[in-house]
Amino acid sequence: MDITPTNSTPQEALSAFLTHWQGGQYHAMALALPARLFPTRRRSVRQVRRAYPGTLSGFSILSARDTDPAATSVDVQVLWRQRGGLELGRVRYRMVYVDDRDQPIARHHPGGQWKPFATYTLPVPRPLRA
């Protein structure tokens, strides 16, 4: 599954990106990220592995909210395995609709694609007590 213009919504593009993490496909993840996020402007598998450690066991998209004509915030709950244990977290991905030079364009323009530009850690709600 690749992040291409056929992923017409930010949720579909993010789901494809997280599926790559789940499958350990760091090269595909690097290609799906905007080049400007990398210090050398060169997508590096090593940098992606450092940013996404461990193995993603599962994820669920909780909500999505359009924030401007070219961006959507998507909240995701993730479960990943790291250092021998399972970790549960919530993350907000800022998905931006970009052209082939990774410049933001309005979502209604043809030929663009959704890419994750930023991530923010969200608090995990405490479990309910009976």
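The values are calculated or read from the model by the stated rules, or taken from the named source; none is laboratory data. The model shown is predicted, which means the values in this text are computed figures rather than measured ones. No Cβ is skipped: glycine too gets one built from the backbone with ideal geometry, and neighbour counts run over all protein chains shown.
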Original post:
Does region 1-40 hold any residues that are outside any loop (DSSP other than H, G, I, E, B), at pLDDT 75 or above and either within 18 Å of ARG83 (Cα to Cα) or not aliphatic (A, V, I, L, M) (or both), and which are they?
Top reply: PRO10, GLN11, GLU12, SER15, PHE17, THR19, HIS20, TRP21, GLN22, TYR26, HIS27
Subject >> Number of the exception - ARG90 against (1) surrounded by 14 or more Cβ atoms within 10 Å (Cβ to Cβ); (2) in contact with a Lys or Arg (Cβ under 6 Å, 6 or more places away or on another chain); (3) not hydroxyl-bearing (Ser, Thr, Tyr) >> reply: (2)
**OP:** Enumerate the pairs (first residue in region 22-38 and more than 16 Å from VAL96 (Cβ to Cβ); second residue anywhere and at pLDDT 90 or above and small (Gly, Ala, Ser)) with beta-carbon separation below 9 Å, excluding pairs fewer than 6 apart on the same chain, so at least 6 apart or on different chains.
**Re:** GLN22/SER57; GLN22/GLY58; ALA28/ALA16
**OP:** Filter region 59-82 down to residues that are among the hydroxyl-bearing types (Ser, Thr, Tyr) and free of Cβ contacts under 8 Å to residues at least 60 places away in the same chain and give me whichever is surrounded by the most Cβ atoms within 10 Å (Cβ to Cβ).
**Re:** SER73
**OP:** Please work out if GLY85 is surrounded by fewer than 11 Cβ atoms within 10 Å (Cβ to Cβ), on the phi > 0 side of the Ramachandran plot and not β-branched (Val, Ile, Thr).
**Re:** no
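Looking only at region 93-102, which residues are at pLDDT 90 or above and either part of a loop (DSSP other than H, G, I, E, B) or farther than 12 Å from THR72 by Cβ (or both)?
The answer is VAL98, ASP99.
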Subject >> PRO110 vs. criteria over 18 Å from the mean Cα position of the chain (by Cα) and at pLDDT 90 or above >> reply: yes
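Residues checked against (1) closer than 20 Å to ALA30 by Cβ; (2) of a type in the set (D, E, K, R); (3) more than 11 Å from the chain's Cα centre (by Cα):
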{"position": "TRP80", "(1), (2), (3)": "yes, no, yes"}
{"position": "GLY85", "(1), (2), (3)": "no, no, yes"}
{"position": "MET95", "(1), (2), (3)": "yes, no, no"}
{"position": "ALA118", "(1), (2), (3)": "yes, no, no"}
{"position": "ARG126", "(1), (2), (3)": "no, yes, yes"}
Subject >> First in region 41-58 and in a helix (DSSP H, G or I), second anywhere and among the small types (Gly, Ala, Ser), Cβ under 8 Å, 6 or more apart >> reply: VAL45/ALA30; GLN47/ALA30; VAL48/ALA30
**OP:** Filter region 20-39 down to residues that are surrounded by fewer than 17 Cβ atoms within 10 Å (Cβ to Cβ), in contact with a helix residue (DSSP H, G or I) (Cβ under 9 Å, 6 or more places away or on another chain) and polar (S, T, N, Q), then give me how many there are.
**Re:** 0
